[in-house]
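K.L.:
The structure that follows is given in the form of structure tokens.
Read the figures in this text as sums done on the coordinates, not as results from a lab. Just so it is clear, the model here is predicted, and its values are computed rather than measured. In this analysis, Cβ positions are derived from the backbone assuming ideal geometry, glycine residues included, and neighbour counts consider all displayed protein chains.
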Amino acid sequence: MTLTEPPVRWPGRLAATWGILFAIPSFVWATGSTVGADSTVSPGLVQLARDRVPWFVAVLLATGALKLFGGIVALGLLKPRSRWLGRALVFCGGGAAILLLWHGGLFVVQGVATKIGLVTVPAEATTLSNWYLYLWGPWFLLGGLAFAGASALYVRNRDERRLWLFGVVGAGGGLAVSLVVTVLGIG
């Protein structure tokens, strides 16, 4: 990058927008409203939101807060920060990238497997399966790619040796969390 060339910021802006927009449904559903969820989300989860089950409301509020935190992390990756904060941002950005890519990838793989007949779902779940394949999977993949791009650009534009290691460690942590929740059947 030359001194006159502006830094590339669109991946960070996209990741921030993604996090903030994606937090909204979590907070709305925590109120008991299921707007936008009735046909696009598992009926069991919709019922938990509708019934305002306390532990599920807490999960919705926590995920909404984490999505907002992700938006803040992405905004932080837009310009140089102190050494400590920059490392923390790259760590979180790497972790977010892998969590989102894994989650979205699972939705897409499951959807494709259903479409080609490797996995069967009850007829009433076909529409829901399509939502996960065509909406939620790509949405998570978009967020993961945006966080990966924002983190990579932040690292590329810094003069700190081994800053990339913080992104790798964060990505490893994100992968570990993703694997654990997948094995436990949570995610």
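K.L.:
Mind ranking 139-146, 176-183, 20-27 by how tightly packed they are, going by the mean number of other C-beta atoms within 10 angstrom, highest first? Present the calculation step by step, with values, prior to reporting the outcome.
P.N.:
Numbers: 139-146: 21.1, 176-183: 13.4, 20-27: 17.1.
Ranking the peptides 139-146, 176-183, 20-27 by packing returns 139-146, 20-27, 176-183.
K.L.:
May I ask for the Rg/Rh ratio of region 10-184, computed from Cα atoms with Rh as the Kirkwood radius, given to two decimals? Don't jump to the answer; show the numbers that get you there.
P.N.:
Numbers: Rg = 17.4 Å, Rh = 17.0 Å.
Reported Rg/Rh, Kirkwood definition of Rh: 1.02.
K.L.:
Largest first and to the nearest Å, give the Cα extent of region 47-123 along each principal axis.
P.N.:
Projected onto the principal axes, the Cα atoms of region 47-123 cover 54, 35, 14 Å.
K.L.:
Find, to one decimal place in angstroms, the Kirkwood hydrodynamic radius of region 1-105, where the mean of 1/r is taken over every pair of different Cα atoms and then inverted. Could the numbers behind the result be given before it?
P.N.:
Working: mean 1/r = 0.0650 Å⁻¹.
The Cα-based Kirkwood calculation yields 15.4 Å.
K.L.:
Please compute the contact order of the chain in relative form: average sequence separation of alpha-carbon pairs under 8 Å and at least six residues apart, divided by the residue count, as a percent. Numbers along the way, then the final one.
P.N.:
Numbers: 251 pairs, mean separation 54.0, N = 187.
Here the relative contact order equals 29 percent.
K.L.:
Something else now. Can you compute the FRET efficiency between Leu179 and Thr17 using 1/(1 + (r/R0)^6), with r the Cβ-Cβ distance and R0 = 25 Å? Round to the nearest 0.05.
P.N.:
Given R0 = 25 Å and the Cβ-Cβ separation, E is 0.35.
K.L.:
Here's something else I'd like to know. Given charges of +1 on the Cβ of Lys and Arg and -1 on the Cβ of Asp and Glu, with all other atoms neutral, how large is the dipole of the chain about its Cα centre, in debye to the nearest 20? Please report the intermediate quantities before stating the final value.
P.N.:
Details: 14 positive and 6 negative charges, 143 e Å.
Once rounded to the nearest 20, the dipole reads 680 debye.
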